[in-house]
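Chemist: Sending over a structure as structure tokens; questions will come in a sec.
Any read-out appearing in this document is the output of simple, stated calculations on the displayed coordinates, not a laboratory observation. Note that the coordinates shown come from a computational prediction; the quantities given were computed from them, not determined experimentally. With ideal geometry, Cβ positions are generated from the backbone for all residues, glycine too; neighbour counts draw on all protein chains shown.
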Amino acid sequence: MPNKKTPVKKPTAKPASSEGGVTTASASSKKAAQPLQVVRGMRDLLPGDQPYWRQTNAIAEKLASAYGYERIDTPIVEDTALFVRGVGRATDIVEKELYSWETLGGESLSLRPEGTASVLRSYIQHGMLNMPQPVRLWYKGPMFRHDRPQSGRFRQFYQAGYEVIGDADPVIDAQLIILGYNFLKGLGIETTVRINSLGTPESRANYKNALVAYFRSKKAKLSEEDKKRLLKNPLRLLDSKDPAIVELKAEAPQIVDWLDEESKAHFMRVLEFLDEVGVPYQLDPYLVRGLDYYTKTVFEWYANSDDQELSQSALGGGGRYDGLAELLGGRPTPAAGMSLGLDRIVSRMKEKNPPSQDHRMPQVDVFLAQLGEMGRKRALALFEEFREAGIPVGEAFSKANIKAQMEIANKRGAKWAIVIGQKEVLDGTVQLRDMDAGSQEIVDVKKAVHEIKKKLANRNGVDTSSVTV
Ligand code: HAM
């Protein structure tokens, strides 16, 4: 039985056939198989991309530790109800973008579209309320939204997220903004944070009424989609890019005028803290965010750029969500958090610092070249000895030609090559070549690793008297 409370999309994929599923013998014999492609909106992060990802991962971890966050990993799959309750039934993320399916057991499950709801579920489920508060947790991993693929929008994308649970102080909001600012700055991206306050649920409800009244009076100018928004989630009209709405927005009531005193005071404190640290921000009365759980402060980082597209694509965002724990069945627990969109950050890094065209293979100190089957066997075993000794070692065991092997040794930057042929195997030796000097010596195979260790120590100017065989 489908769960009536949670939306379950009909499967959009065709049933498994020779195209999508198992290819039958008769189908494959009739038609040459088409090369399969990556799923639309998803992509491969290729070896050339990895240096950028390593950099973002390193800074994510470094700042987590500097600001006192502990790592958490929640499953990629959750109960659909978690996102319906947490993110909000009327949001685009839940209404249109959730990857949901029903299991054979009748459960409605979804791929996570974001991390906050899962982290809070885990906080409640594991009684983290009993730990010293606030609890600071961070995570990194793939999120899934069945969004319309376009520049900077993927259906599988990566976030690094930071959540502070169990503290209502505005300094928490400010420090999250500072963390995100430093994250981006550390990767060479200068940003300005756009910031707004949505107030308490009460002040937000009052503001919503005022906004609905205003847009109702302009109904004739609204598209069908925006009319639906007006009914379901009127705040979302404020971040519509539709030119008619953009024009109407200028006259629309602004949320700051509807904030209760406490939210106003909270917001002022956040801004004061940002001023103190010198983090650049811009007040944005139209910033409402696409998730329903926010209360009080909301913010998004944008790259400082004249490029229209770049300056409209948030590199990350977050805010306070004091009501989410209760929505998920926990005790009232104030909390705030943010997450950074790593895909967009990496494309920004690539633009500033394009990947080099020559493919550089991992560099090694020593290369094992072999001649004949006996030599190959001995070299295979010696490779393990070097690897266990922690010495970067290269090989081309599938190649027989010695010239081809030496070319690879050069490409991999090997300082020494060890050559083993049948004669060396029978003598229990190896030829040790200095690749720069072109000189060569015969060394006992049992001492090969030790010899290289000694040479490496000499090269690095280390006292070798303690190097033992
Ligand atoms: P969000 O604004 O939905 O917030 O996502 C955060 C960031 O993820 C965005 O600013 C953007 O950089 C990136 N992002 C979102 N959707 C896509 C997409 N389809 N393709 C590529 N990048 C994307 C959240 O997810 C909240 N959980 C943030 C938060 C944490 N609030 C409180 N704690």
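Chemist: Can you tell me the dipole magnitude for the range 72-138 around its Cα centre, using point charges on the Cβ only (Lys, Arg +1; Asp, Glu -1), in Debye to the nearest 20?
Modeler: Working: 6 positive and 9 negative charges, 58 e Å.
That gives a dipole near 280 debye.
Chemist: Can you return the aspartates and glutamates within cross-link range of Lys31? Criterion is Cα-Cα under 12 Å, with same-chain partners fewer than 8 residues away left out.
Modeler: Glu19
Chemist: Once phi is turned into ³J(HN,Hα) by the Karplus curve 6.51 cos²θ - 1.76 cosθ + 1.60 with θ = phi - 60°, what whole-Hz value does each residue of the range 343-359 show in order, with x for glycine and proline?
Modeler: 4, 5, 5, 5, 5, 5, 4, 5, 4, 6, 9, x, x, 6, 6, 7, 6
Chemist: If you don't mind, another one. What are the ³J(HN,Hα) couplings of the range 228-244, residue after residue, when phi is run through the Karplus curve with 6.51, -1.76, 1.60 and θ = phi - 60°? Round to Hz, x for glycine and proline.
Modeler: Karplus values, whole Hz, x for Gly and Pro: 5, 4, 4, 6, 8, 8, x, 4, 5, 4, 5, 9, 5, 9, 4, x, 4.
Chemist: Calculate one ³J(HN,Hα) per residue across the range 170-186 by plugging θ = phi - 60° into the Karplus curve 6.51 cos²θ - 1.76 cosθ + 1.60, and present them in order as whole Hz with x for glycine and proline.
Modeler: Values, residue by residue: x, 5, 5, 4, 5, 5, 5, 5, 5, 4, x, 4, 5, 4, 6, 5, x Hz.
Chemist: Another question, if that's okay. So who's got an amide H within less than 5 Å of the one on Gly316, skipping anything under 5 residues away but keeping other chains? H placed 1.01 Å off N, in plane.
Modeler: Trp301, Gly341
Chemist: If amide H atoms are built 1.01 Å from N in the plane of the peptide, which residues on other chains or at least 5 residues away come under 5 Å of the amide H of Tyr99?
Modeler: Under 5 Å from the amide H of Tyr99 lie the amide H atoms of Leu111, His146, each far enough along the sequence or on another chain.
Chemist: With +1 assigned to the C-beta of every Lys and Arg and -1 to the C-beta of every Asp and Glu, and no other charges, what is the dipole magnitude of the chain about the Cα centre in debye, to the nearest 20?
Modeler: Details: 66 positive and 61 negative charges, 324 e Å.
The dipole of the chain has a size of about 1560 debye.
Chemist: Under 16 Å between alpha carbons: how many lysine pairs meet that in the range 366-461, if sequence neighbours fewer than 8 apart on the same chain are excluded?
Modeler: 12
Chemist: Relative contact order (percent) for the chain, with alpha-carbon contacts under 8 angstrom and 6 or more residues of separation?
Modeler: Details: 757 pairs, mean separation 62.6, N = 469.
13 percent.
Chemist: Then there's this: Could you work out how far helix 201-216 tilts from the main Cα principal axis of the chain, as a 0 to 90 degree angle to the nearest 10?
Modeler: Approximately 70 degrees, to the nearest ten.
Chemist: What angle do you read, to the nearest 10 degrees and between 0 and 90, between the alpha-carbon axis of helix 402-411 and the longest principal axis of the chain?
Modeler: Roughly 40 degrees, rounded to the nearest 10.
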